[in-house]
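K.L.:
After the structure tokens below, expect a handful of questions from me.
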Amino acid sequence: MKIIKWLSILVFTAIIIVAFHWIGLIFIFSHGAGSGGTGLIKSYKFNLKTKNIKTEFDKTFDKNKIHFRDSVVDNSYRGFFNESLIIINLKKHNMEYIVESPIGSDSLYFYLIYINGKIDDDFGWFFYDKYKAIKLFEKEIIEPLSEKYKRIE
């Protein structure tokens, strides 16, 4: 009887260890491991027809708090603007976001692809940092845009 008791405890313990092992792997995989490096963090779409996303940002936000610039602007390319990639600097929080708007899109539709130079996979175990940065982006950028233009979920 003692052998059956100890054998059942051993089997139960082995099952628990294997179950925790698989649950741990599922947790790791669900937070970016093996996602293929798409870089897409989140997408946003607004009910607005526009050809130039930067002009809509300039009309909506205070330039003293939020700075918008092109991703390819440097000393030799002043005045040139690549409409597909925009760097957004939140001066108050010292955060930098890069959004990409699909080329040829008539509506205000863009993807958040970088947060402080990191793509989605770069956050790894620190997904809470990514979550806080996305919430800050939504508070400072998306909410003011949502007040001015209707957001499409």
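K.L.:
Identify, from the list Lys65, Lys118, Lys54, the residue that is under 15 Å from Ile141 (Cα atoms) and modelled with pLDDT of 75 or more. Step through it out loud before you land on a result.
P.N.:
Working: Lys118 fails: under 15 Å from Ile141 (Cα atoms); Lys54 fails: modelled with pLDDT of 75 or more.
Every option except Lys65 fails the conditions.
K.L.:
Among the listed residues Ser76, Ser8, Ser30, identify the single one that is loosely packed, with under 13 Cβ neighbours inside 10 Å, modelled with pLDDT of 80 or more, over 18 Å from Leu145 (Cα atoms) and of a type in the set (S, T, N, Q).
P.N.:
Numbers: Ser76 fails: modelled with pLDDT of 80 or more; Ser30 fails: modelled with pLDDT of 80 or more.
Answer to the check: Ser8.
The values are calculated or read from the model by the stated rules, or taken from the named source; none is laboratory data. Quick caveat: nothing in here was measured; it's all calculated off a predicted structure. FYI the Cβ positions are ideal-geometry reconstructions off the backbone, even for glycines, and counts take in every protein chain you see.
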